[in-house]
Each structure stands twice: as C-alpha cells, then as structure tokens.
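The values are calculated or read from the model by the stated rules, or taken from the named source; none is laboratory data. All values derive from a computational prediction rather than experimental measurement. Cβ atoms come from the backbone with ideal geometry, glycine included; neighbour counts cover every protein chain shown. Protein only, heavy atoms only, side chains kept; ligands, DNA and RNA dropped before computing areas. Shrake-Rupley method; radii C 1.70, N 1.55, O 1.52, S 1.80 Å.
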Amino acid sequence: MENLKNMENRLWDFIDGLSTPDERNEILRLLETNPSWQQAYAAMMDMNMILQETSLEEPSMRFSKNVMEEISLLKVAPATKNYVNKKIVYSIGGFFIILIIGFLGYMFTQIDLSQPGSSPSPVDFSSFEFDWRKYYKPAYINIFLMVDVVLGLLYLDNYLRRKKNQQQASKG
Amino acid sequence: MQTGLPDNELIAQVLKGDQQAYKVLVDRYQSYIFTLAYKLMQSREDAEEVAQDVFVKAYRSLADFKGGSKFSTWLYTIAHNTGITYLRKKKQKILAIDDEKNFTQLESHESDFKSNQVEDKSKKEMVNRAIEMLSADDAQIITLFYKGDQSLDEIGTIMGLEANTVKVRLFRARQRLKDKMEKYFSEEVANLQVI
C-alpha cells in the first residue's frame, strides 16, 4: 500500500512537472521497464487529461452587466500606501520597542548578580522608587471606567441602529 | 478592440479612468471566479453574489495591485477570502479536508447525483459531478490547479497555505476524486484504475 502511494506520488510529481532531473530520468527508466508503473502512468495521464478538459461553471447572462452597473457608481480607491503614512507606523513601532528596551534595561540593572544567595529574589525591589500611588488614584480609575462605559453604550447604540436598518432594508 | 490586451495593460487603462476596460477583465475571469465561488457555496445564487462582490472589491482595490503576482492570482485570493467570509456570515461550515464528519452531507449529495446518473453521459460532465462531491477545499485546489492555471506556490498564496501542503492536498484531492469516480462511474472509469 505504501509502495503504491509512493509510486503514485512520484508519478504525479512527474506528470505535474515537479520532479528533479534525476528523478525524471529514474521514472522514465521505470516507465520503460516496469509494467505496473506503465499501467499506473497511463491511468493517471488519462485522469490528468480529463481534469484539464473539465468545463467551468458559467454565471448568468447578466453577470458582467450587473458588475459594470455596480462599479459605475464607484471609484478606484487610492493605493493604500498613499494614505498610510509609514513614518507614523514606524514611529509607533519605535515607541513600543524603546518602551520594551527601557523596561528590560531597568529590570536587568536591578538584578543583583554578585550575591545570588543573599536575597530571596534576584531582583532588588527595595531600590524600586517609582511611586505608583501618585498616579493610580481611584478617581482616575473611575473616570477611565466611565469613559469606557460611555464608549461601550455608543458602540451598542450604533450596532443596534445598523441592525434595525438592515432589517428594515430586507423587509422593504 | 481591448479584448486581446494583456491584464496589466487593461488595469493601467482602468486606473486612468477607462471603466470599460474593466469589463474585458470581468468577461475574461467571470467563469473562473464564479466556478471557484460555486465550489465553495454549492449554490448558484450565492456563488453569483460572491462573484459579483469579488469583482467590485477588486475594482475598488485595483490601485493596490502592484503586479507582484499574476492578476488572476490576486483576483482568486480576493475570491477565496470573500467566499470564506460569506460562508462565515451565513454560519455554514466549510467541508474539511479529512471529511469523515461530513459523510452525511456528502451522502445526500451523492444520492441526488445517483438519480441523475443516466442523464450525465459525457465524461466531462461526469468529472464535474464527481468534483462537486468533494469537499470545498479539494474542489478549490483542483479547480485552481487545472482550470485556474495556478502553480502550487500561487495556490498557496491564494489559500494561505505552504506550497508543500498544497501539494499534499492536491494529491489527496485527486485520490478522493478517483475514488468517487470509481464508486459511481465504475464502467466509465475502468481505464482510470491505477492498479
């Protein structure tokens, strides 16, 4: 069974023109001498020919007219690269890379490599002087959550309106 | 007459504002796109809608086609993605490559097919019907390879697969097609027997 699959695989590669020159020569030799290879090759060539001769499906007669009617109302959109400013993309990417490097750099400077046994943690948190409490106040968090809720409601409203319009359009 | 112009020249004309040049491209590729869509949708109405959408999308994005690949490859990629999106929207499931789970669906397709066997006498029609019994992926790969004039690399680009994966899938698709033909057209395909 494995041999049969292997033979078919090699023959399809040969028929599809994917074999290496050495492999081609080897298959040509087998096709001259081996009857089972000859039989398989004939059957596969027949299959290949039929597949090449299959017909395509045709759309309705009005198809191209429908397409042309639809695009008559449209314009070709400008190429994406004309309105996507690569400098902005690179700037955003650069910002995050610098941020990551900064954090990694800070983290590595805090690791005490000279006395690994003296501290339970390799990172010396005692020298970490950044006071988050100055910036993370409950008022800020509440404002942030309120903005999120308002944005969520706006999005939901927009979504429901679109749904309603679609339903009306399909009924109409 | 524009009908004999190569794709790239027609595209250049469309980009200059000649909308009629696009009609030549539509006429040139409508059967290919429709066939691909039909293999995915299994419904002429849906396939026509998807095919129309493909040409409209392609027209809108034509300025983004840089000629890095064949126009047909670019167009088939849009067709593949549009078809998949359309199917997702309709919450239909695409038939997987290993289609054991889809046996019931195929069986029902096959029973329709059996009842019409007498009418379908030509070999081409027989193969077309056998391709219809394959999963959407198998049918697409066979169509792109044999009718769409696409290489394994190009099919990989269209379907988002590695060329080697496409090669394996094409091999399996042909095997499955042969099995279907042997099962339902044993007399006609007697000469297609490998062993």
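Things to note:
- Restricting A:Thr80, A:Thr109 to those that are of a type in the set (S, T, N, Q) and over 30 Å from B:Leu62 (Cβ atoms) reduces the list to A:Thr109.
- Scanning the range A:38-88 for residues that are within 26 Å of B:Gln30 (Cβ to Cβ), assigned to a helix (DSSP H, G or I) and open to solvent by 80 Å² or more (accessible area, probe 1.4 Å) returns A:Met49, A:Gln52, A:Glu53, A:Lys65, A:Glu69.
- Close pairs (8 angstrom Cβ cut-off, 6 or more residues apart or separate chains): more than 7 Å from chain B (Cβ to nearest Cβ) in the range A:47-64, surrounded by 12 or more Cβ atoms within 10 Å (Cβ to Cβ) anywhere: A:Asn48/A:Ile15
- Verdict on B:Ser43 being under 26 Å from A:Gln52 (Cα atoms), of a type in the set (Gly, Ala, Ser) and more than 9 Å from chain A (Cβ to nearest Cβ): yes
- Residue in the range B:51-70 that is more than 11 Å from chain A (Cβ to nearest Cβ), assigned to a helix (DSSP H, G or I) and of a type outside the set (Ser, Thr, Tyr) present: no
- Screening the range B:12-40 for residues that are hydrophobic (A, V, I, L, M, F, W, C) and more than 10 Å from every other protein chain (Cβ to nearest Cβ) and picking the one that is nearest to A:Ala77 (Cα to Cα) gives B:Ala12.
- Against the test of being away from chain B (no Cβ under 14 Å) and either assigned to a loop (DSSP other than H, G, I, E, B) or modelled with pLDDT under 80 (or both), the options A:Ser121, A:Ser91 yield a single qualifying residue, A:Ser121.
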